[in-house]
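Data first, discussion second: the structure below is written as structure tokens.
The values are calculated or read from the model by the stated rules, or taken from the named source; none is laboratory data. In this text the structure is predicted, and so the values were computed from the model without any measurement. We place every Cβ from the backbone using ideal geometry, glycine too, and count neighbours over all the protein chains shown.
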Amino acid sequence: MDVILSSFEIFLRWDVWVAILIGSVGGVIIGAIPGVGPAVAIAILLPATYSMDPIIGITVLLGIYGSAMYGGAIPAILINTPGTPVNALTTYDGYSMTKDNKARRAITLAYWSSFTGGIFSIIALIFMTSLIAKVAPLFGSRDILMAALLGLVLVVISHRKQTVIAGMLVFFGMFISTVGMESVKYTKRFTFDQSWLLSGFDLITVLLGLFAVSQALILLTGNDKKVPMPSLKGGKHEGFFGFIKYKTVAIISSCMGVIMGIIPGVGEFLAQFFSYNIARGISKKPERFGKGAPEGIIAAEAANNAVPAAAMIPLLALGIPGEALTAMMLSVFYVHSIIPGPDLFENHIDFVYGLYESLFIINIIVMIFLLVATKSLLRIIQIPQRFLGITILGLSFVGVYTLRNSFVDCIMCAFFGIFGYVLKKLDLPIVPIILGMVLGTIMEQKFRASQARIDNLFNYIDRPISGTIFAIIVIALSIHFWVVWRQYKKKKLID
Amino acid sequence: MEKKEYQTGNLVFVIIMLLFVSVLLISIPYQTKWFDNVPLVKQPRLWPTFCIVGMTIFSVFYSFQIWQNYKIKGKIQSELKELQSWVKPFEFVVYFLLYVWLVPLAGYLLSTLLFFFLLTIREGYRTLSMLLISLATGFGIVVAFKSLLKVKISSGAIYEYLPDGWSTFFMIYF
């Protein structure tokens, strides 16, 4: 309790409040603009946060991460275009309600559900932190190696209908993390005698290219869509009372968000998918789902917003990011010499609590901001897409050039921008590359570090933790292959 | 094997990826070192080889998947058309790199204003209001990042030609 109270001291600082305000309000605005999203914003802002105090830099990014999905629900409900990719499920019931002149009700439902998900996950995590602090130090090299492997396996199999290409891109990400000088024998790997490849591919450069520059190129080469000024109809209070009526759905979905958030490599998509199906299963009118069911919006939004806080658990406890956004945050931790892992919970627990409290305040500020400023936010949806592309390209320059003022970095970033552009055009996933890059580095380090205790391959899984994680990997893969096999048989029967 | 509806361009993509992994596979002995009397796990060659072999296996599987789907729905003309569309963004990449090249010479402020102004015209927004909004956005970005957040961007060579006081002011803030 003393630790929790002492961690509140950071909120006596004015700069922490400014960071919270910028992060939360900025996150909502970014989330409400279709075509930008938190990944682009965080990738651009990352280098700028390097010069800030760690808690300030991380709070700004946490603010964007935790609040973008709130904003993303607005265009999803009003114009059938999700602000962030994870708001896609909200369009099903949200836009149907808008067509029935219940836009205001749908938006209010989304806000309260997001708020419940966000706050629920933070409270759950604050109570779980003492348990995590006890469990995290038990993780050795082999356990972290297995946890990283689990993250990669889950990332691949969670890309339904794209597992093969996701697998290839994971290995591609792992490969590019090996380029440059290796740290054991100090030999060059795949540098092709080019001095600019000696330091390898910088994660931020790759991130900016794949997320920001590629998105700018997509917008610049596309056409502007004429978006009519959406109008808000229906009662605000009706939405709140509708939310109260379905509070069980909100709580179940928040639980699902927390569970899915903790598992590395899974994230918002599966959390909302499971929550939506559970909500439909327990609904008295399941036939309404997809046609304007309030429970559909509640399930999707509560689950989405419960994930960011939960995703911080594997990141903070083990240093394992579960998705692209937490992978970006990991780089901020490293820059400030804060090494996520068991040590963080033993020696800097007040920092961890400080982050959770910041997230808590961010959720409250976002909720107040949205209740007051939704009408003004509607104008943002109308910003021309190609103009957004110019702005993102201009901002990408700041992100990549401030790293080392290097022209080569910018060329690399542009190269990955084109690669990301092609992947997006082909509807192929980008996240596996980033996770492959980050988790691949961790796996190589832990693989080498664990050698002193290894006589045979079985030694990797003979510890209780690593053995359990390995069992989860085997179960996850078995379920995946069983589902694929069933689909194949079913299709063959139909043919 | 799971099937996703065929997306035009995938055949070209998978051919490029297969060529890429082939080059990497051939390069392993030349681009990584192998030490005698050093355990396998400490060999610098081990991890990149593992990644490339993994990439190769998945690439081969993916090419089978794509080829099956291509036979049903694909057309070579549309593949080539898609390839042409991949060239489109190179124009903007050139503008981006010109902008990067210009910053150390003309300074961050002037380069950014030029970049925003010219790209706005290139994108077809030619009304006075859009041009002013574009310049204001560029100026706002420079003030936010260089003047307020003090990010490290090299100052422009052009600033040295300004009077002493102005020169220092522009070097620090713009």
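Quick notes
- Subset of region A:141-161 [more than 11 Å from chain B (Cβ to nearest Cβ) and over 11 Å from A:G440 (Cβ atoms)]: A:S141, A:R142, A:D143, A:I144, A:L145, A:M146, A:A147, A:L150, A:V153, A:L154, A:V155, A:S158
- Checked against (1) surrounded by fewer than 19 Cβ atoms within 10 Å (Cβ to Cβ); (2) under 28 Å from A:I218 (Cβ atoms); (3) of a type in the set (K, R), A:K375 passes all but a single condition, namely (2).
- All conditions in (1) within 8 Å of another protein chain (Cβ to nearest Cβ); (2) surrounded by fewer than 23 Cβ atoms within 10 Å (Cβ to Cβ) hold for A:S183, with the sole exception of (1).
- From the list A:M367, A:M328, the lone residue that is modelled with pLDDT of 80 or more, under 25 Å from A:L435 (Cβ atoms) and assigned to a helix (DSSP H, G or I) is A:M328.
- For region A:415-438, the tally of residues that are within 9 Å of chain B (Cβ to nearest Cβ), buried (at least 21 other Cβ atoms within 10 Å of the Cβ) and aromatic (F, W, Y) stands at 1.
- Evaluating B:F170 against the criteria (1) without any contact (Cβ under 8 Å) to a residue 60 or more places away in the chain; (2) within 23 Å of A:R404 (Cβ to Cβ); (3) not in a loop (DSSP other than H, G, I, E, B) leaves one unmet condition, (1).
- If you go through region A:162-178 and keep only what is within 8 Å of another protein chain (Cβ to nearest Cβ) and assigned to a loop (DSSP other than H, G, I, E, B), you end up with A:Q162, A:T178.
- Where a residue in region A:113-134 is assigned to a helix (DSSP H, G or I) and its partner, wherever it lies, is surrounded by fewer than 23 Cβ atoms within 10 Å (Cβ to Cβ) and among the basic types (K, R), with Cβ under 8 Å and at least six apart: A:T116/A:K247
- Under the condition of being more than 26 Å from the chain's Cα centre (by Cα) and surrounded by 17 or more Cβ atoms within 10 Å (Cβ to Cβ), the residues counted in region B:51-90 number 4.
- Test: residue in region B:2-14 that is loosely packed, with under 14 Cβ neighbours inside 10 Å, in the same structural domain as B:K81 (by TED's automatic domain parsing) and assigned to a helix (DSSP H, G or I): no
- Residue check, A:L359 assigned to a helix (DSSP H, G or I), over 17 Å from A:I64 (Cα atoms) and in contact (Cβ under 8 Å) with a residue 40 or more places away in the chain: no
- Failed item in (1) part of a helix (DSSP H, G or I); (2) surrounded by fewer than 20 Cβ atoms within 10 Å (Cβ to Cβ); (3) more than 10 Å from chain B (Cβ to nearest Cβ), with A:T441 passing the rest: (3)
Conditions (1) under 30 Å from A:E444 (Cβ atoms); (2) more than 10 Å from every other protein chain (Cβ to nearest Cβ); (3) not aliphatic (A, V, I, L, M), marked per residue:
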| position | (1), (2), (3) |
| --- | --- |
| B:F50 | yes, no, yes |
| B:G54 | yes, no, yes |
| B:S63 | yes, no, yes |
| B:W67 | no, yes, yes |
| B:K73 | no, yes, yes |
| B:Q77 | no, yes, yes |
| B:L80 | no, yes, no |
| B:V93 | no, no, no |
| B:L97 | no, no, no |
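- Per the conditions (1) polar (S, T, N, Q); (2) over 26 Å from B:E91 (Cα atoms); (3) in contact with an Asp or Glu (Cβ under 7 Å, 6 or more places away or on another chain), the sole criterion not satisfied by A:T205 is (2).
- When region A:202-218 is filtered for residues that are more than 10 Å from every other protein chain (Cβ to nearest Cβ) and surrounded by fewer than 20 Cβ atoms within 10 Å (Cβ to Cβ), only A:D202 remains.
- Here A:G35 meets the list (1) at negative phi; (2) out of contact with any Lys or Arg (no Cβ under 9 Å at 6 or more places or on another chain) almost entirely, failing just condition (1).
- Residues (more than 7 Å from chain B (Cβ to nearest Cβ) and assigned to a helix (DSSP H, G or I)) located in region A:390-410: A:I392, A:S396, A:G399, A:V400, A:L403, A:R404, A:V408, A:D409
- For region A:43-94, the set of residues classified as under 15 Å from the mean Cα position of the chain (by Cα) and not in a helix (DSSP H, G or I) consists of A:G83, A:T84, listed by residue number.
- Residues of region A:467-495 that turn out to be at pLDDT below 90, more than 12 Å from A:I157 (Cβ to Cβ) and surrounded by 11 or more Cβ atoms within 10 Å (Cβ to Cβ), as a count: 3
Let's see how each residue does on (1) within 19 Å of A:I259 (Cβ to Cβ); (2) not hydrophobic (A, V, I, L, M, F, W, C):
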| site | (1), (2) |
| --- | --- |
| A:F115 | no, no |
| A:G118 | yes, yes |
| A:I122 | yes, no |
| A:F127 | yes, no |
| A:K134 | no, yes |
| A:A147 | yes, no |
| A:L150 | yes, no |
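- Any hit, region B:25-47, residues being hydrophobic (A, V, I, L, M, F, W, C), buried (at least 16 other Cβ atoms within 10 Å of the Cβ) and under 24 Å from the mean Cα position of the chain (by Cα): no
- Residue, surrounded by the most Cβ atoms within 10 Å (Cβ to Cβ), within region A:76-86, restricted to residues that are under 17 Å from A:G290 (Cα atoms) and in contact with a Pro (Cβ under 8 Å, 6 or more places away or on another chain): A:A76
- Residues of region B:134-150 satisfying the condition of being facing chain A (nearest Cβ under 8 Å) and among the β-branched types (V, I, T): B:T137, B:I141
- Within region A:253-282, considering residues that are closer than 30 Å to A:F470 by Cα, without any contact (Cβ under 8 Å) to a residue 40 or more places away in the chain and surrounded by fewer than 24 Cβ atoms within 10 Å (Cβ to Cβ), the one nearest to the chain's Cα centre (by Cα): A:F274
- Answer from B:P44, B:P39, B:P29 - the residue that is on the phi < 0 side of the Ramachandran plot, without any contact (Cβ under 8 Å) to a residue 24 or more places away in the chain and more than 8 Å from chain A (Cβ to nearest Cβ): B:P29
- Members of region B:144-158 found to be touching a residue at least 12 places away in the same chain (Cβ under 8 Å) and either of a type in the set (V, I, T) or surrounded by 12 or more Cβ atoms within 10 Å (Cβ to Cβ) (or both), listed by number: B:K146, B:S147, B:I153, B:S154, B:S155, B:G156, B:I158
- Within the set B:L109, B:L131, B:L114, the sole residue that is more than 10 Å from chain A (Cβ to nearest Cβ), in contact with a helix residue (DSSP H, G or I) (Cβ under 8 Å, 6 or more places away or on another chain) and crowded, with 20+ Cβ neighbours inside 10 Å turns out to be B:L109.
- Restricting attention to region B:159-174 and to residues that are over 17 Å from B:F116 (Cα atoms) and crowded, with 16+ Cβ neighbours inside 10 Å, the residue that is nearest to the other protein chains (Cβ to nearest Cβ) turns out to be B:Y159.
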